[in-house]
Amino acid sequence: MRILFLCNRDLASNFALNLLLPSLTGHQLRVSLTERVGRIGTAECSERRELLTAEQSTPNEILFPLIERARFPDAHGRFLTFGEIARLRKIPVTTLANPNSEAGLEEVRAFGPDLILSVRYGAILKSELLSIPALGVLNLHSGLLPAYRGVLATFRALMNGDQEIGCTLHRISDGTIDTGDVIATGRVSVSPERSLLGHVLCLYPVGVELIVHALKQLERRLPLEAVRQFAGEGQYFSYPGAAEWAEFTRRGMRVTDSAELLGVYQRYLGTDSAGPQAAEPPAATGARALPGGRL
């Protein structure tokens, strides 16, 4: 199967891709990146800058370049940077900022994907591109749909005092955001010991399992059962404002944690650290319907 993996050039996207790579052996894979998700304001609050530093600036400007210059061997179990995935695994990794442009569509058509997988990709996919893969487009959203559509769903769940956070594997069938049919959801217990970024990263082992299960179904030519989302359900959230970030920290919650980050960074060096873990073993669940067929 030809699979186009769309993601953002950030730590969480790379983390998810590394978890998924072993299950993509035997498939023809191509990775296309955006450089950011959403617009970056000129007057970002300190909490937002902290998150950007941890998930983008430090990996992209310091950690990943140093690892690539060191030319470490492709040791079993070591996470690979985007550059190493291209060099060591011979998987094309390119920037695709505007997939809906003529050039972007031409690039995607030239590869001819049977399936497109999207994780944290920073561009909205429109109808012409969505029509290319015969098996459609699947997106892993780091929030439970339809309740938490949009950006930083984990932040919203923590602010709402939820005892669980979750991720959703769903279809992208039009140019709207996080509205497609839900294939499966996964949940992880909230832990007061874990930071916001730690909670986000803990969703990807569960989310990748959802993707792997869907891939196995498609490989066996079985349909992916899904539950429809209805118009008007849930809420779309944009980036938190400065007042919301201030309230987040006032409640004693942390944006990042140095020990968590060290554990993640060490995975790229081949150490024994396993990175962020759930407070209890995370469990993935299928898409669940409420009475009337609604989620």
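Here is how the numbers come out for the structure above:
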quantity: Matching residues in region 216-230 - criterion: being without any contact (Cβ under 8 Å) to a residue 12 or more places away in the chain and part of a loop (DSSP other than H, G, I, E, B); calculated: 220, 221, 222, 223
quantity: All positions within region 156-191 that are at pLDDT below 95 and surrounded by fewer than 20 Cβ atoms within 10 Å (Cβ to Cβ); calculated: 173, 174, 175, 176, 177
quantity: Residue under evaluation residue 158, criteria (1) more than 24 Å from residue 5 (Cα to Cα); (2) in a loop (DSSP other than H, G, I, E, B); (3) not basic (Lys, Arg), criterion not met; calculated: (2)
quantity: In region 42-88, residue nearest to residue 257 (Cα to Cα) [restricted to those that are of a type in the set (Gly, Ala, Ser) and within 23 Å of the chain's Cα centre (by Cα)]; calculated: 54
quantity: Leading residue by the ranking (nearest to residue 91 (Cα to Cα)) among those in region 1-19 that are touching a Phe, Trp or Tyr at 6+ places or on another chain (Cβ under 8 Å), hydrophobic (A, V, I, L, M, F, W, C) and part of a helix (DSSP H, G or I); calculated: 17
quantity: Subset of region 117-135 that is of a type in the set (A, V, I, L, M, F, W, C) and free of Cβ contacts under 8 Å to residues at least 40 places away in the same chain - its residue that is surrounded by the fewest Cβ atoms within 10 Å (Cβ to Cβ); calculated: 134
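Yes or no, residue by residue, for (1) acidic (Asp, Glu); (2) closer than 30 Å to residue 216 by Cα:
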{"position": "2", "(1), (2)": "no, yes"}
{"position": "7", "(1), (2)": "no, yes"}
{"position": "10", "(1), (2)": "yes, yes"}
{"position": "14", "(1), (2)": "no, yes"}
{"position": "25", "(1), (2)": "no, yes"}
{"position": "30", "(1), (2)": "no, yes"}
{"position": "58", "(1), (2)": "no, no"}
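The values are calculated or read from the model by the stated rules, or taken from the named source; none is laboratory data. Since this is a predicted model, take the numbers as computed values, not measurements. Cβ coordinates were reconstructed from backbone atoms using ideal geometry, including for glycine residues, and neighbour counts include every protein chain displayed.
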